[in-house]
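Read through the structure below, which is laid out as structure tokens, and then see the notes.
The values are calculated or read from the model by the stated rules, or taken from the named source; none is laboratory data. Note that the structure is a prediction, hence the values are computed from the model and not measured. Every residue, glycine among them, receives a Cβ derived from its backbone with ideal geometry; neighbour counts consider all protein chains shown. Quick note on the areas: whole protein, heavy atoms, side chains included, nothing else; ligands and nucleic acids left out. Shrake-Rupley method; radii C 1.70, N 1.55, O 1.52, S 1.80 Å.
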Amino acid sequence: MKIYINGSFHSKADAKISVYDHGFLYGDGVFEGIRAYGGRVFRLKEHVDRLFKSAHTIMLSIPMSREAMAEAVVATVRENGLKDAYIRLIITRGIGRLGLNPFTCGTPQVIIIADKIVLYPKAFYQKGLGVVTVPTQRNLGEAVNPRIKSLNYLNNIMAKIEAINAGVYEAIMLNSHGFISECTGDNIFIVSDGRLLTPALYMGVLEGITRDEVMALAARDGIEVRETTLTRHDVFNADECFLTGTAAEIIPVVKVDGRLIGDGKPGPVTRRLMEDFRELVRREGVPV
Ligand code: PMP
């Protein structure tokens with residue numbers, strides 16, 4: 001495996017970052033998870049744009065243009081001879097002194113890994129996942145805004161631990177008002193009375209690229225889509241529920257906090273969107 005670091009490729013064993021890098025010391029940095037399907041990188045521009053927005057908000061100046069970043073992603077997939085890949089693009093603050101001040105740091109480090117990822121066992125894509133709501137809340141918008149895809153994932157890791165302790169693979173996180181926000185690495189949707197509903201961005205969620213795609217696919221299928229406020233009660237009584245994310249893709253949810261969702265099987269809207277999505281990723285993307 002060849003890993004891109006600041007313009008050159010290194011073997012996995014030699015791909016190293018300084019222990020004085022503030023990405024390591026403080027989780028000071030931003031990242032993206034991107035997929036390639038059949039030799040095409042899906043929604044590359046959208047991912048690079050989101051990366052630059054995250055970086056802008058944390059006042060991290062990425063030392064290359066958006067175009068060069070997109071080219072570096074494609075080059076890394078090509079260098080590894082991959083057709084289907086999960087790409088992790090990481091920008092750290094760079095090497096600095098001990099102490100929080102990010103402006104002591106040198107040049108931000110650009111790291112690109114092209115590998116594979118399996119988030120949930122394959123069988124759950126057929127039969128659906130069980131999930132739980134957990135005590136750890138999604139970050140406040142006024143703290144580390146969930147819109148920033150930062151290297152600070154400890155909050156979500158706490159929620160993931162709570163899910164695993166409860167015997168399931170995924171957690172639904174609530175915001176500080178008790179409304180549904182999202183899962184530890186996925187957005188959440190429900191189908192209710194034929195409408196597709198998902199928490200609005202102001203509920204404290206990442207603006208998922210898969211989320212955007214799914215909303216567009218549903219609209220194209222003639223389904224009414226709403227970004228709104230959802231409670232646990234809404235989810236328990238939904239006809240269908242599913243999660244979306246680059247790594248997760250679309251995965252049905254059939255049980256939440258012990259309550260069956262609908263008839264406890266992946267529903268027709270979920271299955272249709274899964275099919276639509278599969279077709280979309282086969283068709284579109286930047287060639288490697
Ligand atoms: N929410 C969180 C917290 C995430 O980390 C991610 C991506 N890993 C998502 C949602 C899904 O976003 P996307 O569809 O852009 O991968």
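A few comments on the model shown:
- The chain - mean residue ellipticity at 222 nm from DSSP helices (-39,500 (n - 2.57) per run, n ≥ 4, rounded to 500): -8500 deg cm²/dmol
- The chain gives an Rg/Rh value of 0.97, both radii derived from C-alpha positions and Rh following Kirkwood.
- The Rg/Rh ratio for the stretch 233-288, using Cα coordinates for both the radius of gyration and the Kirkwood hydrodynamic radius, is 1.10.
- Paramagnetic reach from Met64 in the stretch 15-34 [backbone N under 19 Å; point 7 Å along Cα→Cβ]: 15-18, 23, 29-34
- Reach of Lys122 by Cα under 16 Å, taken over lysines that are not fewer than 8 positions away in the same chain: Lys265
- Helix 154-165 axis versus longest C-alpha principal axis of the chain: approximately 50°, rounded to the nearest ten.
- With Cα atoms, 0 to 90° folded angle of helix 268-283 axis to the chain main axis: 30
- Sparse packing (at most 12 other Cβ atoms within 10 Å of the Cβ) combined with a DSSP loop state is found for the following GluC sites (Glu not before Pro) in the stretch 158-228: Glu224.
- Of Lys45, Lys149, the residue with the largest accessible area leads and the full order is Lys45, Lys149 (1.4 Å probe).
- Value in Å of the Kirkwood radius, where the stretch 8-94 supplies the Cα pairs that are averaged: 13.8
- Size-normalised alpha-carbon gyration radius of the stretch 122-283, reference 2.2 N^0.38 Å: 0.95
- Residues whose amide H lies under 5 Å from that of Ile117, counting only those 5 or more places away or on a different chain, are Tyr86; hydrogens are built 1.01 Å from N in the peptide plane.
- Trypsin sites (Lys or Arg not before Pro) within the stretch 5-43, DSSP loop, no more than 16 other Cβ atoms inside 10 Å: Lys16
- On Cα atoms only, tilt of 44-57 relative to the major axis of the chain in degrees: 70
- For the stretch 2-115, a crude dipole built from +1 on the beta carbon of Lys and Arg and -1 on the beta carbon of Asp and Glu, taken about the Cα centre, is about 140 debye to the nearest 20.
- Candidates Gly267, Gly23, Gly167, ranked by Gaussian network fluctuation over the chain, Cα under 10 Å, top entry: Gly167
- Whole-Hz ³J(HN,Hα) from phi, Karplus 6.51 cos²θ - 1.76 cosθ + 1.60, for the stretch 222-237, glycine and proline x: x, 8, 6, 10, 9, 9, 8, 9, 10, 9, 4, 4, 4, 5, 4, 9
- Expressed as a whole percent, the accessible surface of the chain that belongs to carbon and sulfur atoms is 54, based on a 1.4 Å probe.
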